[in-house]
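S.K.: Dropping the structure in here first, questions after.
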Protein chains: 2
Amino acid sequence: MGFTDAITALVPFSEDELNDILNHFKTKAVSKNEILVHEGEVCKYLYFIEQGMCRSYYLNENQKDITQWFFSNGKFMSSADSFFQKKPSLYYLEVLEDSVLYFISKDNLEILFAKYPKMEKLGRLVITEMLSNVVHKLNAIQFQTARERYDYMLAEFPDIAYQVSLGHIASYLGMAQETLSRIRNHDASH
Amino acid sequence: MGFTDAITALVPFSEDELNDILNHFKTKAVSKNEILVHEGEVCKYLYFIEQGMCRSYYLNENQKDITQWFFSNGKFMSSADSFFQKKPSLYYLEVLEDSVLYFISKDNLEILFAKYPKMEKLGRLVITEMLSNVVHKLNAIQFQTARERYDYMLAEFPDIAYQVSLGHIASYLGMAQETLSRIRNHDASH
DNA sequence: CTCACTTTTTGATATAAGTCAAAAATAAAT
DNA sequence: ATTTATTTTTGACTTATATCAAAAAGTGAG
């Protein structure tokens, strides 16, 4: 799903409005392993993944890298807290494969918010969607077995399983990577 | 923290604006065990807890009641997804002790959104805060031991520990209630 | 105050999943 | 192509926490 499709799916805009909105975004190609936002720095942009795959992660007390979220085609991505409140980000944003992104600064977004009330609604919808995704994952993590969590992921984000390394997925699902490996092989059926 | 204080802490409004906003809310006293929203019904209001304690919960596949979130003094509460998108709620909202609430309908909120651009900002901030709280809890749940999760709760929501039943807290923290009981007693001092 | 009901505690046991360590398989680099 | 590095798999062992069951403590109604 392209950028304009994704937007109009959430809030209907006219052709002219869409063009104006689009002009406040920039676009760029980014390569695998690029870090878009470092922990501790303010996340300056709201991104949209036109094509590709990224993730957010943090380092826990033992410096272990924990994947927090995957962002694939057609999704908005940001370190939301940091971006909206100009606070230091608690997370890294990393590019997992060569990708094409749209992005907009806070200032430009504010201009759009002021100009188009419908944009505020769009902003709220994007965050509400993030919230409901995170809540959904929390429910999955909180009371399900490792295998059920993996099944949840396959159902929710089928593409991730084939594009992302085992270790990233394991930490995302809150299990040891050995466990995920065994789930995938040993009892690959059911 | 009272209602007007909570609002002005997030976004500055004039005296007159505040009064107008307040007039779009209603207030009521609710009693312990009252269900404000049932699963499957659309959540019609955004609530503010002036005084008291509530929770959201759902029933899992085995009909076990799982607490999802606690809402105490000075917090906004809603089944956010349901309220903003008029979808059936996935959760129940329940009153845990006699409470005093402010609440506003979607229509009235839309009126305020249209009238005061700052209100849109308030809406976004409220949801962003919910998002960051949920993300924080997810991180706590995902890789911490039962005892660490309890400590997280004590640090984050100290009041809950003394007002809410053991079973509700245990399901909120994703552990068996026997486990929580043992944590509280046996090794109460680490 | 007593009886019924709910919640919490304690004990014994089972098990899912973590940890440690090393081998195998893939991918990247010279 | 070989070598070096990274990722995944496999095995043996440990442990935190769930489950089951029953006793104890607490709460509320009549």
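A short reminder: the numbers here are calculations on the coordinates, not readings from a lab. If you're wondering where the values come from, they're calculated on a predicted model, not measured in any experiment. Positions of Cβ are backbone-derived with ideal geometry, glycine not excepted, and every protein chain shown enters the neighbour counts.
S.K.: Measuring from a point 7 Å out along Cα→Cβ, what nm distances, shortest first, does A:Ala114 have to its partners in the other copies?
M.R.: Output for A:Ala114: 2.3 nm, nearest copy listed first.
S.K.: How much mean residue ellipticity at 222 nm does chain B get from its helices, if each DSSP H run of length 4 or more adds -39500 (n - 2.57) and you divide by all residues, to the nearest 500 deg cm²/dmol?
M.R.: Details: 9 runs with 91 residues, N = 190.
So the calculated ellipticity at 222 nm is -14000 deg cm²/dmol.
S.K.: How far apart are the A:Gly2 label points across copies, placing each 7 Å from Cα toward Cβ, in nm, shortest first?
M.R.: Going from nearest to farthest copy, the values are 5.4 nm.
S.K.: Karplus couplings for the stretch A:86-101 from phi (6.51 cos²θ - 1.76 cosθ + 1.60, θ = phi - 60°), rounded to Hz, Gly and Pro as x?
M.R.: 6, 9, x, 6, 8, 10, 8, 10, 10, 8, 8, 8, 3, 9, 10, 10
S.K.: Counting just the Cα atoms, what span does the stretch A:3-116 cover along each of its three principal axes? Round to the nearest Å and put the largest first.
M.R.: Between the extreme Cα coordinates on each principal axis of the stretch A:3-116 lie 51, 28, 21 Å.
S.K.: Rounded to a whole number, what is D in µm²/s for the protein assembly as shown from Stokes-Einstein with the Kirkwood radius over alpha-carbon pairs (4 °C, 1.567 mPa s)? If you can, show how the numbers build up before the last one.
M.R.: Details: Rh = 22.3 Å.
Rounded to a whole number, D works out at 58 µm²/s.
S.K.: Further question on the same structure: Please list, ordered by chain and number, the residues whose modelled amide H lies under 5 Å from the amide H of B:Gly174; skip anything fewer than 5 residues away on the same chain.
M.R.: Counting only residues 5 or more places away or on other chains, the set is empty.
S.K.: Summarise the partner chain shielding of A:136-147 as one whole number: the mean count of Cβ atoms from other chains within 10 Å of each residue's Cβ. Walk me through the intermediate numbers first.
M.R.: Working: counts 2, 4, 9, 7, 0, 5, 12, 9, 3, 0, 0, 0.
Whole-number average of other-chain Cβ neighbours for A:136-147 is 4.
S.K.: Now for a different question. Radius of gyration and Dmax for chain A's Cα atoms, expressed in Å?
M.R.: 17.6, 56
S.K.: Let me ask something else about it. Quickly work out the A:Ala9-to-B:Ser31 label distance, labels modelled 7 Å from Cα along the C-beta direction, and quote it in nm with one decimal.
M.R.: Taking the two extended label points, one gets 4.8 nm.
S.K.: Here's something else I'd like to know. Any idea what the dipole of the protein assembly as shown comes to, in debye rounded to 20, about its Cα centre with Lys/Arg Cβ at +1 and Asp/Glu Cβ at -1?
M.R.: Numbers: 38 positive and 50 negative charges, 54 e Å.
Around 260 debye, computed over the protein assembly as shown.
S.K.: Can you tell me, using C-alpha contacts under 8 Å and at least 6 residues apart, the relative contact order of the stretch B:2-130 as a whole percent?
M.R.: On the way: 239 pairs, mean separation 44.8, N = 129.
Over the stretch B:2-130, the number comes to 35 percent.
S.K.: At most 13 other Cβ atoms within 10 Å and a DSSP loop assignment: could you name the trypsin sites (Lys or Arg not before Pro) in the stretch B:55-94 that fit?
M.R.: On the way: sites: B:Arg55, B:Lys64, B:Lys75, B:Lys86; in loops: B:Lys64, B:Lys75, B:Lys86.
Loop-located and lightly packed - B:Lys64, B:Lys86.
S.K.: Any chance you could run the full-extension gain for B:Leu59 through B:Leu154? It's 0.36 nm times the residue separation minus the Cα-Cα distance, nm to one decimal. Could the numbers behind the result be given before it?
M.R.: Values: separation 95, 0.36 × 95 = 34.20 nm, distance 2.49 nm.
Net length gain for the segment: 31.7 nm.
S.K.: Please work out the Cα center distance from the stretch A:81-147 to the stretch A:21-79, rounded to the nearest Å.
M.R.: The distance from the Cα centre of the stretch A:81-147 to that of the stretch A:21-79 comes to 10 Å.
S.K.: Once Lys and Arg get +1 and Asp and Glu get -1 on their Cβ, which of B:Leu122, A:Tyr102, A:Ile183 lies farthest toward the positive end of the dipole of the protein assembly as shown?
M.R.: My answer, from the dipole projection, is A:Ile183.
S.K.: Rounded to the nearest 20 debye, what is the charge dipole size of the stretch A:3-116 about its Cα centre when +1 sits on each Lys and Arg Cβ and -1 on each Asp and Glu Cβ?
M.R.: On the way: 11 positive and 17 negative charges, 52 e Å.
In debye, rounded to 20, the stretch A:3-116 gives about 240.
S.K.: Now, a different point. Would you work out the charge dipole size for chain A about its Cα centre, treating the Cβ of every Lys and Arg as +1 and the Cβ of every Asp and Glu as -1, and quote it to the nearest 20 debye? Write out the running numbers ahead of the final one.
M.R.: Working: 19 positive and 25 negative charges, 67 e Å.
The calculated dipole for chain A is roughly 320 debye.
S.K.: Can you give me the distance in nm between label points at B:Tyr162 and B:His186, each placed 7 Å from the Cα along the Cα-to-Cβ direction?
M.R.: With each label point 7 Å from Cα toward Cβ, the separation is 2.6 nm.
S.K.: Now for a separate question. What average number of partner chain Cβ atoms lie no more than 10 Å from the Cβ of the residues making up A:120-128? Display every interim value, and only then the final one.
M.R.: Values: counts 7, 5, 0, 6, 9, 3, 2, 10, 10.
Average per residue, whole number: 6.
S.K.: How many nanometers, to one decimal and shortest first, lie between the label point of A:Gln177 and those of its other copies, if labels sit 7 Å from Cα toward Cβ?
M.R.: Result, one decimal in nm: 4.1.
S.K.: How crowded by other chains is A:5-12, given as the mean number of beta carbons from other chains within 10 Å of each beta carbon?
M.R.: Numbers: counts 0, 0, 0, 0, 0, 0, 0, 0.
Across A:5-12, the average partner-chain Cβ count within 10 Å equals 0.
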